[in-house]
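The values are calculated or read from the model by the stated rules, or taken from the named source; none is laboratory data. Note that the structure is a prediction, hence the values are computed from the model and not measured. Note that we place each Cβ from the backbone using ideal geometry, even for glycine, and neighbour counts take in every protein chain shown. Remember, those area values only see protein heavy atoms, side chains included, never the ligands or the DNA or RNA. Shrake-Rupley method; radii C 1.70, N 1.55, O 1.52, S 1.80 Å.
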Amino acid sequence: MKGIYTILLLVVSNIFMTFAWYGHLKLQEMKVISHWPLYAVILFSWCIALLEYSCQIPANRIGFSGNGGPFSLMQLKVVQEVITLLVFTVFTTVFFKGESLQWNHFAAFACLVAAVYFVFLK
């Protein structure tokens, strides 16, 4: 169960991270925060990032083998990166209609899947 909790927390964490890092671009495009000064956008993003850290840190603690979890540090990082790119891809295709997936994006994803495979090899 620790592995499932870890992955779920990583997904939630990455949703918040993606909104913190890129959501302001969509809000600017929608004219919601287009007149905000940069420092206000940064503070707004940091408030969202606080939620990210509130999930990321427990995910790493629960999932790390040194704490009784199922993943080594390298495995945690590779899984987290794959989750990050999956969440980012969904976010981009849903919220930024001008962005589209190309063949090279799928090739890159295949390489990431291979990275997950290799990092879990004994």
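A few points about this structure:
- Structural size metrics of the chain, computed from C-alpha coordinates, are Rg and Dmax of 16.4, 53 Å.
- Potential extension, Leu27-Ile57 segment - 0.36 nm per residue separation minus Cα distance: 8.1 nm
- Contact order normalised by residue count of the chain, Cα under 8 Å, 6+ apart, percent: 31 percent
- Accessible solvent surface per residue of the chain, calculated while the other protein chains remain in place, 1.4 angstrom probe, Å²: 66 Å²
- Across the accessible surface of the chain, with the other protein chains kept in place and a 1.4 Å probe, carbon and sulfur atoms take up 74 percent.
- Restricting attention to the chain, the count of lysine pairs at 8 or more positions apart or across chains with alpha carbons under 29 Å apart stands at 6.
- Only helices enter the 222 nm calculation for the chain: every DSSP H run of n ≥ 4 contributes -39,500 (n - 2.57), and dividing by all residues gives -25000 deg cm²/dmol, rounded to 500.
- Rounded to the nearest 20 debye, the dipole size of the chain about its Cα centre is 200 debye, using +1 on the Cβ of Lys and Arg and -1 on the Cβ of Asp and Glu.
- Spacing of the two label points (7 Å from each Cα toward its C-beta) at Ile42 and Leu85, in nm: 3.0 nm
- Hull shadow area, averaged, region 1-50 [alpha-carbon convex hull, nm²]: 3.6 nm²
- Residue among Phe71, Phe88, Phe44 with the largest mean-square fluctuation in a Gaussian network model of the chain, springs linking Cα atoms under 10 Å: Phe44
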